[in-house]
Amino acid sequence: MMASVSYETVGRVAVVTVDNPPVNALSRVIRSGLSDAFGRFQTDESADIAVIIGAGRMLIGGADISEFGKPPQSPSLPDVILQIEQSAKPVVAAIHGMALGGGLEVALGAHYRIAAPGTRLGLPEVKLGIMPGAGGTQRMPRLVGADTALKMITSGTPVTEAEALQSGLIDQICEGVDIREAAIDYAQSLLSDNAPARPISGLPRATDSEGVIQQWRAKLQKSLRGEVAPLVAVDAVEASVQKSFAEGLKEERRLFLHLMDTPQRAGLIHAFFSERAVAKLPEISDIAPRDIARVGVIGGGTMGAGIATSAVLNGLAVTLVERDSEATDKARATIAGNLDAAVKRGKLKAEQRDAILTDALKTVTDYGALSGADLIIEAVFESMDVKKEVFAKLDEILPRGAILATNTSYLDVNEIATTTARPEDVIGLHFFSPAQVMKLLEVVVADKTAPDVVATAFALAKTLGKTAVRAGVCDGFIGNRILSHYRTAADHMVLDGASPYQIDKALTDFGFAMGPYQVSDLAGLDIGYATRQRKAADAHPRDRYPTFADALYHKGWLGQKTGHGYYLYEKGDRKGRPDPEVEQIIAQARKEAGTSPRTFSDDEIVRRYMAAMVNEGARVVDEGIAQRPLDVDVVFLYGYGFPRWRGGPMKYADMRGLDSILADIRTFAETDDHFWSPAPLLEKLVAEGRNFDSLNQR
Ligand code: T1G
Ligand code: NAD
């Protein structure tokens with residue numbers, strides 16, 4: 001695919017077309033092409049006005065992210081945009097599809113803007129750890145005011161063409177869909193009106209800035225969890241109301257280059273490319289997925305109801321099987337409640353909800369109702385016996401070719417598959433709770449799973465708006481296996497003297513959405529208890545056991561759902577407060593274990609937690625459970641509240657230095673070499689002077 005900028009004239013209108021599939025990114029060829037085109041326009045006596053337009057799906061999706069971190073090549077985007085803006089003859093931006101980041105900044109360099117219906121306009125740079133760097137922080141406030149500019153720049157969320165028209169970001173919405181024709185007409189009408197070139201840089205500074213800048217800064221300081229870019233962007237917008245345009249542009253450049261150099265930018269770009277790379281599986285690249293229209297869900301508890309909600313919200317018909325009519329009623333009520341919530345948030349119309357509940361969703365007790373389903377997702381209790389019974393029954397009812405999936409969290413999918421006569425149709429689809437919200441789907445590929453079943457799982461994820469990551473079979477797959485390990489490291493710290501509250505605080509300060517004990521309270525302490533029971537048979541004599549967790553369980557303190565877990569929850573409060581009684585129970589457990597408590601610094605807590613996570617992550621990659629380190633990263637970003645700006649645990653390890661992580665593990669091993677044995681892959685990479693990223697083929 002050759003990137004190019006073309007120039008042609010239609011009447012007295014010069015049409016400059018950016019063509020760089022798939023998103024018309026502003027790579028060097030495009031920047032110099034734009035510069036050449038506008039040089040030509042200035043001297044072209046046959047053209048009196050220019051239109052900039054994008055070929056294909058959109059105007060421009062932004063700067064070329066793959067150039068980040070490399071030496072900049074001229075012409076720079078700010079210079080190209082200045083050149084466009086300084087044109088003595090008027091310039092129109094014709095916007096369809098999307099104008100994002102540098103793409104919207106190009107449109108702001110034009111003098112008039114017209115957009116097609118269905119267009120999204122935004123400055124998403126903060127999502128990549130940077131901020132607009134081609135005049136966006138200076139032109140936007142001048143055009144739409146400081147408040148609207150700050151909203152768009154600090155959130156990165158795009159607006160619709162209607163919102164853009166209302167704020168003055170665009171001048172017109174075209175009728176119909178042919179943006180090229182509409183823009184040429186618009187340009188011709190501007191010519192007949194003798195409309196002048198109208199640079200935004202010539203507009204006065206935003207007049208609504210008094211107090212607004214400070215308000216945004218305060219608001220962000222409260223809500224951000226460690227990200228720096230949005231606050232730096234506020235500084236840049238502040239410069240736009242305090243300085244001349246030229247000085248403001250200089251300040252924007254300085255701040256932009258500073259952000260480009262931050263580890264947060266590296267982490268966020270890694271996240272951007274990794275979340276796209278997980279979907280590219282060579283094993284299914286040319287394999288057609290099976291058609292999925294009717295889905296069966298077995299079990300309508302926490303997960304089954306959530307999975308069914310996700311499916312019906314995305315256009316699939318669902319038949320849900322429960323054990324008795326009381327349970328089907330309960331499942332239906334949960335799903336209806338989820339749909340009501342979607343209606344409230346404006347994601348679903350009330351009529352659509354009603355249609356789903358009458359037509360698309362069936363809740364039954366008879367397995368026979370599943371016979372027409374293309375895919376079954378089993379979400380019954382986490383018990384091998386129960387699952388085997390269910391799969392044996394499904395094998396009888398469903399025709400060959402129907403896919404039988406299990407949502408098990410830990411159990412052996414190969415063993416489940418053996419209860420059927422068609423192990424090639426069996427796969428793990430591990431959703432996360434709440435399933436209608438969480439974006440991660442672990443696709444657990446068993447020994448005999450057919451490639452087109454894997455392809456179907458990835459296609460299903462797309463239908464459901466989820467990100468699928470391929471995982472192999474082991475206890476807990478990628479995410480829960482690693483979770484078990486670092487969760488144990490946290491319990492060890494509690495046994496050795498750290499309080500669960502300090503651990504949660506240290507880790508939320510690090511950037512996690514929640515600490516491990518807050519997560520336990522949310523998920524329910526019965527889940528951890530069941531896992532410990534299940535694993536008891538495989539326990540090693542040197543394993544250290546968190547007796548305090550069992551004690552809380554036996555007291556019936558199961559977390560948020562009982563109003564009491566590690567934290568105490570007043571009625572209606574989901575935040576919870578520390579409980580001295582829990583600390584007493586922990587002190588008792590330490591006494592029984594014969595440990596004398598010591599203090600932990602927050603830094604040590606983070607180091608132990610992360611070392612455990614990375615060490616097990618290395619094993620998971622080494623064993624082929626995860627295909628690459630980046631697959632582990634995406635699992636943690638999407639399923640475990642890992643701070644996105646750190647890129648994921650493996651990226652974090654690379655940025656800190658694998659030798660530093662390995663040194664920590666060796667230090668921790670001095671007092672516990674049973675738990676802290678370095679993963680062979682980690683040792684190997686350190687010995688070879690390589691990092692995890694060297695194993696990531698994208
Ligand atoms: N640069 C390079 N490659 C890009 C790209 C970009 N900006 N955007 C997308 N791609 C690749 C992507 O990796 C994928 O590649 C393919 O295009 C299709 O993308 C100076 C500094 C536009 C909403 O942050 O959000 O401008 O995997 O699968 O779902 O201030 O892409 O096929 O090999 O995502 O239709 C600001 C980032 C940049 C927008 C389209 N812009 N892109 O979504 O397709 S910073 C962004 C997106 C900037 C200036 C600054 C989305 C999309 P491959 P896709 P999609
Ligand atoms: P749950 O107890 O909330 O729901 C299980 C449901 O299955 C119950 O409503 C029960 O009546 C029903 N059921 C049991 N046997 C049945 C049968 N033979 N036929 C039909 N229905 C039957 O449990 P859950 O939390 O939804 O977990 C379900 C599965 O999902 C488990 O394998 C679990 O490990 C897994 N999972 C749970 C989570 C989570 O966070 N809760 C996350 C991912 C995966």
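What follows draws every value from the coordinates through simple rules; no lab data is involved. A quick note: this is a predicted structure, and the numbers were derived from the prediction, not measured. All Cβ positions, even for glycine, are placed from backbone atoms using ideal geometry, and neighbour counts span all protein chains on display.
What to note about this one:
- So residue 503, is it more than 23 Å from residue 582 (Cα to Cα) and either of a type in the set (Ser, Thr, Tyr) or surrounded by 19 or more Cβ atoms within 10 Å (Cβ to Cβ) (or both): no
- Pairs meeting the criteria (first residue in segment 438-458 and free of Cβ contacts under 8 Å to residues at least 60 places away in the same chain, second residue among the aromatic types (Phe, Trp, Tyr), beta carbons under 9 Å, at least 6 apart or on different chains) are 441/431; 441/432; 441/458; 441/638; 443/458; 444/477.
- Test set (1) closer than 23 Å to residue 130 by Cβ; (2) touching a Lys or Arg at 6+ places or on another chain (Cβ under 9 Å); (3) of a type in the set (Gly, Ala, Ser) - residue 209 fails condition number: (2)
- Subset of segment 296-321 [among the β-branched types (Val, Ile, Thr) and crowded, with 24+ Cβ neighbours inside 10 Å]: 297, 298, 307, 309, 312, 321
Yes or no, residue by residue, for (1) within 16 Å of ligand 2 (Cβ to nearest atom); (2) surrounded by fewer than 24 Cβ atoms within 10 Å (Cβ to Cβ); (3) outside any strand (DSSP E or B):
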site: 107; (1), (2), (3): no, no, yes
site: 114; (1), (2), (3): no, no, no
site: 118; (1), (2), (3): no, yes, yes
site: 125; (1), (2), (3): no, no, yes
site: 131; (1), (2), (3): no, no, yes
site: 134; (1), (2), (3): no, no, yes
site: 140; (1), (2), (3): no, no, yes
site: 143; (1), (2), (3): no, yes, yes
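- Only one of the numbered conditions (1) in a loop (DSSP other than H, G, I, E, B); (2) more than 16 Å from ligand 1 (Cβ to nearest atom); (3) farther than 24 Å from residue 481 by Cβ is violated by residue 394, and that is (1).
- The single condition among (1) free of Cβ contacts under 8 Å to residues at least 24 places away in the same chain; (2) in contact with a Pro (Cβ under 8 Å, 6 or more places away or on another chain) that residue 284 does not satisfy is (1).
- Qualifying residue in segment 87-102 (condition: assigned to a helix (DSSP H, G or I), near ligand 1 (Cβ under 8 Å from one of its atoms), touching a residue at least 12 places away in the same chain (Cβ under 8 Å) and surrounded by 22 or more Cβ atoms within 10 Å (Cβ to Cβ)): yes
- When residues of segment 38-58 are limited to those that are buried (at least 24 other Cβ atoms within 10 Å of the Cβ) and of a type in the set (Gly, Ala, Ser), the one farthest from ligand 1 (Cβ to nearest atom): 50
- Segment 59-75: number of residues that are surrounded by 13 or more Cβ atoms within 10 Å (Cβ to Cβ), more than 7 Å from ligand 1 (Cβ to nearest atom) and assigned to a loop (DSSP other than H, G, I, E, B): 3
- Candidate set: segment 46-58, residues that are more than 12 Å from residue 30 (Cβ to Cβ) and not in a loop (DSSP other than H, G, I, E, B); chosen: the one nearest to ligand 2 (Cβ to nearest atom): 53
- Looking across segment 397-428, the residues that are of a type in the set (Val, Ile, Thr), in contact with a strand residue (DSSP E or B) (Cβ under 7 Å, 6 or more places away or on another chain) and in a helix (DSSP H, G or I) come down to 413, 416.
- When the residues of segment 213-247 are filtered to those that are under 17 Å from residue 130 (Cα atoms) and among the small types (Gly, Ala, Ser), the one that is farthest from the chain's Cα centre (by Cα) is 239.
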